[in-house]
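Comments concern the structure below.
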Amino acid sequence: MSEALVKPVRLLRTRTYVWAAGAVLLLALPFYLDRFWLQAGLFAMAAAIGAIGINLLTGATGQLSMGHAFFLAVGAYGYCVFAGDGGDGLSGLGLPTWLAAVLAVLVAGVAGGLFSPIAGRLSGAYLGIATLALVFIGQHVMFNAHDLTGGSNGRDVPPLSLFGLTFDDSELVVAAVPFGSAEKLWYAGLVLLTACALFARGVLRGRPGRAMNAIRDHRIAAGVMGVPVARYRAAVFVLSSMYAGLAGVLLALVFQRTVPDYFGVVLSLEYLAMIVIGGLGSVAGAVVGAVFVSLLPQLLTRYSDTLPLVSAPGTGGVAPGEAARYLYGAAVVAVVLFLPGGLVRVAARRRVGTDPGEER
C-alpha cells in the first residue's frame, strides 16, 4: 500500500480509537463521579443541544438571534404544564411525562413557526432586535402567568418516566452503585445530545446545509441560484427553536425546578458566546463552546475558596458568576481577533499535521 493511502487509513483508525475510548469513558462516568460533576455534565449537555440549534441559525445561516432563552423557557415550562397533575395548585394536564417532553419540543417549534415569517424576512441586527423582544415578552408572561409558571417562585418539575424507569432520586442499584436522578439522566442526556449532533451534522453536510451557507455568505446570490431564501430562513428558525425547546426540557429535568430569572437576556448572550468561542457553523464547535461557557462558572463556584480574586457571593470579592462572565467575555474577544474559526479550528489544524499544503 502506498504512503498516500497508508496515512489516511492510520488517521481513520486513530480517530476511531479515540471516539471509542471517549464513548466508553462517558458511559462509565456515572459509576465514579459524584452528583456535582454529573449535574455539571448534564448542564453542559443541555447547553450543547441548545448551542447546536442556535449555531444552525446564526453560524450556518447567518441569522442573528438573541431570543434563544425564550424558546428554552417554552420547552421547560411547556413540559411542566403538560406533565404536571395540578397537585401543587398550578395548571397541569397530567400527561405521561415522555409525551409531555415531546409536546414541549413541538410547542417550542410552533412558537418558532409563529415568529418564522418575521425571521424569514429580517436579517442581521434587525432580526436580533426582534428576537430580543421575545425574551422580554417571555419574562413578562413567566412572572405574571402564575397559574402556568408559578410566578417568581417557579414550579416543580415532574420527573421523567420512560419504559417503566423513573428519572428521580429513588435509588436504582447498578453494579453495586446507587443510581439517582443525575445518574439516570446522564444516559438520557448522552442519547439526546448524540442524536441532535448527528442530525445537525447531516443537515449541514447535505443539500440544506449548502443552501444555508449560501444564504449566510450572500443572500441575493443564493436567491439568484434558486434557493428559496425566506423559506429556508423560516425553516431553520423553527428547527433552532425545537433544539432550544429540547434543551429547556433537559435543563428543567436536571434542576427539578424552573424559575423565570434564569431565562433572561444573559442566557441568550451566553449561547451566542458559546458558538463564537467554539466555532460558528460547526456542530463540534457548538459542543465545545457550550462545555466551556456552561462549566466555567460552576468550576469557579466549586473552587472559589482556593482561587485568587474569586470568592463566594456576598463576601466582598468577585463572585464566581461575574468572574466567569469576565473570562468568557475575554475569550470571545480573543477568538474574534486571533481564532476566527473558534476553538475547533485549532483542533482541526492539529489533526491536519505539519504539511502546509494539507492545512489549506
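Tabulated values for the structure
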read-out	value
Theoretical gain in end-to-end length, residue 218 to residue 29 [0.36 nm per residue, Cα-Cα removed]	63.6 nm
Length added when fully stretched, residue 191-residue 93, from 0.36 nm per residue minus Cα-Cα	32.6 nm
Relative contact order of region 33-359, pairs being alpha-carbon contacts under 8 Å that are 6 or more residues apart, as %	29
Approximate spin-label separation residue 345-residue 106, in nm, with each point projected 7 Å along Cα-to-Cβ	4.2
Ascending count of other beta-carbon atoms within 10 Å, so fewest first, for 161, 123, 240	161, 123, 240
Centre separation in Å (Cα based) which lies between region 91-130 and region 169-186	33
In region 131-191, the chymotrypsin sites (Phe, Trp or Tyr not before Pro) that fall in loop regions by DSSP, at most 10 other Cβ within 10 Å	163
Estimated 222 nm signal from helices in the chain, with DSSP H stretches of n ≥ 4 weighted -39500 (n - 2.57), rounded to 500	-23000 deg cm²/dmol
Prolate/oblate/rounded call for region 146-290, Cα gyration tensor, a/c under 1.5 rounded	prolate
Full-stretch length increase - residue 302, residue 330 - with 0.36 nm per residue and alpha-carbon distance subtracted	8.0 nm
Ratio Rg/Rh [Cα only; Rh per Kirkwood] for the chain	0.98
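All of the numbers you see were taken from the coordinates with simple rules; none came from a lab. A quick note: this is a predicted structure, and the numbers were derived from the prediction, not measured. So basically every Cβ, Gly included, is an ideal-geometry build from the backbone, and we count neighbours across all protein chains shown.
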